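Presented below is the structure to which this report refers.
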């Protein structure tokens, strides 16, 4: 067996494809086979992470394995899909057993957390790059699209924002702080938790949804455009974690929340009548604004006056990427 | 719009996803949505091509666009699947309009030839690399697997072998020959035609199938192993194209056919009673051997004696790859 044949064995510990509902055939033939129940659709998304562009090189292999799957699975959450499986296309300059063991362990951990079975892939020699394609199931017509926001809906997010952007100077080694200060932010950067259960809970309730990857302002712009409405964000409502506020002053933390990206929290629009029931069910939703007539995204201060967002003062690794 | 936003516009000319049966939602949201008919399964395969590993760098962008989709679509053919759509993950060092226009034109041409709609993807800055994930439909239980070959079946291929391997010294600029000699071989390397229609015609007839990417001997070994049988290949039955025999002497051509790879012809095992009907229907099948009891692959000379294959004397670009 060649070295790249050996690589594949590292991924054999991922959740067993053949035992996963919907996976009729996993790794080993020319194609994998998926089979849906009657009345279901398949949700599909592809994400590529390139060394030196989307993550620092070198970096911890375990954390990279976690992150590359989490980033892709977050798109399933954004559609409200039930996770099914994923394919992995991995390019590596060389087959280092230590690196591979770590990467596979991180990937397999996130796969188990997300209930995603590895159903296929390709392993090649080349500059370090990971492309993950994820698959999820959805009842026909229940996908959470970007295009359904209605004037009067609330604008909500699934948790604190800006942590990953706040962590970036730490990730890049540009700033050193005490470990207990750094740990929660680094975890949010390296191990974002795709809000899959929340996405499913929002089916039939949220009118539009996406996951925040480009930054709250940019991503709300996507909903506003697709839905032909305006989204108002109230600055004082932005949920900022204690960890972020321990690292940064409030204006800097707010700007990370608005422009930082890499949050992988859901942002969604919700008719007001659904909010109490979701909160009563224990979902930690944060209302940050509302949908109004118009176009684009508006930022409001505590007095309800429109303010211009200033550029985030913290380097975003994603600046290099797209 | 940033330069990578512009890139996406080049791919807008691919077959319209929304007009494709089975594609409920194409590009533009967090996920694409596919919907199958009752009694159908989805076939999925992922292939990565890396610059300098799987193709020369630089190379013609149009030809690369054709080739990266053809290579992936060939896996659908190998399963007997009806083509549906694909996602494209493209990493590029820079966004050159000329290069992108050429690449997209080649990709779109192959997408139209294969009836594959572009349903999603990711475009990033990074070393040149293309990952294509293809999707096809299949009636439940009719996928052509590698594991069903039966003792007594015929071993067949879908056309001439070794052309792409014969073309490789020309692709790499290691050998110059007259254009009319080179053209048909270069076309087989850069624009392999996935045998999608043949694959579908073999449903319910072939007992095992795959597409030849690693070379006939290696790929027949995959069928033999998965089916727990031995495959006999008769050297004199190997279909060699006039173009290949004009470039190489017969032993060299035979070795390209056996070990060269990159053919993307189907190889399959077939109960003998199905051969006449398929040939009468116009399929250019070539019987190259048979399935016997045992393990592995056996090569027979004109006298029916077992011979050892010698290494192909021509550099295979894929030696670097996996």
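Would you check which residues across segment A:47-70 are surrounded by fewer than 21 Cβ atoms within 10 Å (Cβ to Cβ) and assigned to a strand (DSSP E or B) and list them?
A:51
Of all residues in segment B:32-45, which are within 7 Å of chain A (Cβ to nearest Cβ), more than 23 Å from the chain's Cα centre (by Cα) and under 18 Å from residue A:37 (Cβ atoms)?
Within segment B:32-45, B:33, B:34, B:35, B:36, B:38 meet the criteria.
For residue B:245, are the conditions met, namely being at pLDDT 95 or above and touching a strand residue (DSSP E or B) at 6+ places or on another chain (Cβ under 9 Å)?
So residue B:245 does not fit the description; no.
Considering only residues that are away from chain A (no Cβ under 14 Å) and either in a loop (DSSP other than H, G, I, E, B) or surrounded by 24 or more Cβ atoms within 10 Å (Cβ to Cβ) (or both), which ones fall in segment B:71-111?
B:96, B:103, B:104, B:107, B:110, B:111
With the checklist (1) within 14 Å of chain B (Cβ to nearest Cβ); (2) part of a strand (DSSP E or B) in hand, flag the one item residue A:200 doesn't pass.
(2)
Report, by residue number, each residue of segment A:119-146 that is in contact with a helix residue (DSSP H, G or I) (Cβ under 6 Å, 6 or more places away or on another chain) and closer than 20 Å to residue A:196 by Cα.
A:119, A:132, A:134, A:136, A:143, A:144, A:146
What number goes with the only condition from (1) at pLDDT 85 or above; (2) within 30 Å of residue A:213 (Cα to Cα) that residue A:31 does not pass?
(2)
Restricted to segment B:186-196, and to residues that are part of a helix (DSSP H, G or I) and touching a residue at least 24 places away in the same chain (Cβ under 8 Å), which residue is nearest to residue B:62 (Cα to Cα)?
If we take residues in segment B:186-196 being part of a helix (DSSP H, G or I) and touching a residue at least 24 places away in the same chain (Cβ under 8 Å), then B:190 is nearest to residue B:62 (Cα to Cα).
Just checking, how many residues over segment A:218-242 are surrounded by 21 or more Cβ atoms within 10 Å (Cβ to Cβ) and either at pLDDT below 95 or in contact with a helix residue (DSSP H, G or I) (Cβ under 6 Å, 6 or more places away or on another chain) (or both)?
So the answer is 2.
Quick check on segment A:203-236: of everything there that is away from chain B (no Cβ under 13 Å) and in a loop (DSSP other than H, G, I, E, B), which residue is nearest to residue A:80 (Cα to Cα)?
A:203
How many residues does segment A:127-141 contain that are surrounded by fewer than 24 Cβ atoms within 10 Å (Cβ to Cβ) and within 7 Å of chain B (Cβ to nearest Cβ)?
Matching residues across segment A:127-141 total 2.
The values are calculated or read from the model by the stated rules, or taken from the named source; none is laboratory data. These numbers come from a predicted model, not from an experiment. Cβ coordinates were reconstructed from backbone atoms using ideal geometry, including for glycine residues, and neighbour counts include every protein chain displayed.
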